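The values are calculated or read from the model by the stated rules, or taken from the named source; none is laboratory data. In this text the structure is predicted, and so the values were computed from the model without any measurement. Here the Cβ is made from the backbone with ideal geometry for all residues, glycine too, and neighbour counts use every protein chain on show. Note: areas computed on protein heavy atoms with side chains; ligands, DNA, RNA excluded. Shrake-Rupley method; radii C 1.70, N 1.55, O 1.52, S 1.80 Å.
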Amino acid sequence: MDFDRYREEVDANRRTHGFDTVDERESAFGRLWSTHEEDQTVGSVSLLATVTDADSHDAADVVDDADRFRRTLAAVTDDGENTTPIGYLVFALPEPDDDIVSAATSYTVAERRTNVFPLVYDTSAETLHIHPVPRLKGRGIYRRQADDAERLFEV
């Protein structure tokens, strides 16, 4: 599956799950989608998601983009003190190197009251790489990530 087709399928998923389009002028990431939900485990969450063509990315680019996406998440989501902002930045590319998958799935998620999950979608194998769900501390937010990834980014 090529990048454009994958992004269009994710776009269809986001409409099904109530994500609205964010004005693209607010971000260097192109298409952004957001929604606000109540989660029994995490509480009030503000979600922001995007898919980026990462065909020419290396592991350092993944980390740099995730850091920039964290700043975008903080700028776009302002839903109050008791809301947890969560961002999903999906890097789509064919046959990603292990370094890219590792950089994304080991990225420090929680920082400065924001939670950013870089994910990797292998367009050749049609496989999504997510952060593992820990056995103990922080399980709720990682479980939320796994559920969101399944409903939005697995096509």
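Return yes or no: is V62 open to solvent by 20 Å² or more (accessible area, probe 1.4 Å) and either β-branched (V, I, T) or part of a loop (DSSP other than H, G, I, E, B) (or both)?
Here the answer is no, as V62 does not meet what is asked.
From the residues in segment 70-80 that are in a helix (DSSP H, G or I) and under 16 Å from T21 (Cα atoms), which one is least open to solvent (accessible area, probe 1.4 Å)? Break it down into steps so the answer makes sense when it comes.
Of all residues in segment 70-80, those in a helix (DSSP H, G or I) come to 70-76.
Within this subset, residues satisfying the condition of being under 16 Å from T21 (Cα atoms) are 72-73, 75-76.
Working: T72: 18, L73: 0, A75: 81, V76: 40 Å².
Taking the candidates together, the pick is L73.
Do you know which residues across segment 29-54 are out of contact with any Asp or Glu (no Cβ under 8 Å at 6 or more places or on another chain) and either surrounded by fewer than 13 Cβ atoms within 10 Å (Cβ to Cβ) or of a type in the set (V, I, T) (or both)?
Answer for segment 29-54, where residues must be out of contact with any Asp or Glu (no Cβ under 8 Å at 6 or more places or on another chain) and either surrounded by fewer than 13 Cβ atoms within 10 Å (Cβ to Cβ) or of a type in the set (V, I, T) (or both): E38, Q40, T41, V42, G43, T50, V51.
Could you count how many residues in segment 81-102 are of a type in the set (G, A, S) and either closer than 30 Å to S44 by Cβ or surrounded by 23 or more Cβ atoms within 10 Å (Cβ to Cβ) (or both)? Don't jump to the end; show me each part of the working.
Filtering segment 81-102 down to residues of a type in the set (G, A, S) leaves 87, 92, 102.
Those left that are additionally either closer than 30 Å to S44 by Cβ or surrounded by 23 or more Cβ atoms within 10 Å (Cβ to Cβ) (or both): 87, 92.
So the answer is 2.
Please determine, by comparing only the residues of segment 114-130 that are on the phi < 0 side of the Ramachandran plot and not in a strand (DSSP E or B), which one is surrounded by the most Cβ atoms within 10 Å (Cβ to Cβ).
Start the filter on segment 114-130 by keeping residues that are on the phi < 0 side of the Ramachandran plot, which leaves 114-125, 127-130.
Filter again for not in a strand (DSSP E or B), leaving 123-125, 130.
Working: T123: 19, S124: 11, A125: 11, I130: 22.
Result: I130.
Out of all the residues in segment 1-33, which are within 19 Å of A149 (Cβ to Cβ), out of contact with any Ser or Thr (no Cβ under 7 Å at 6 or more places or on another chain) and in contact (Cβ under 8 Å) with a residue 12 or more places away in the chain?
Result: R7, E9, V10, D11, N13, R14, H17.
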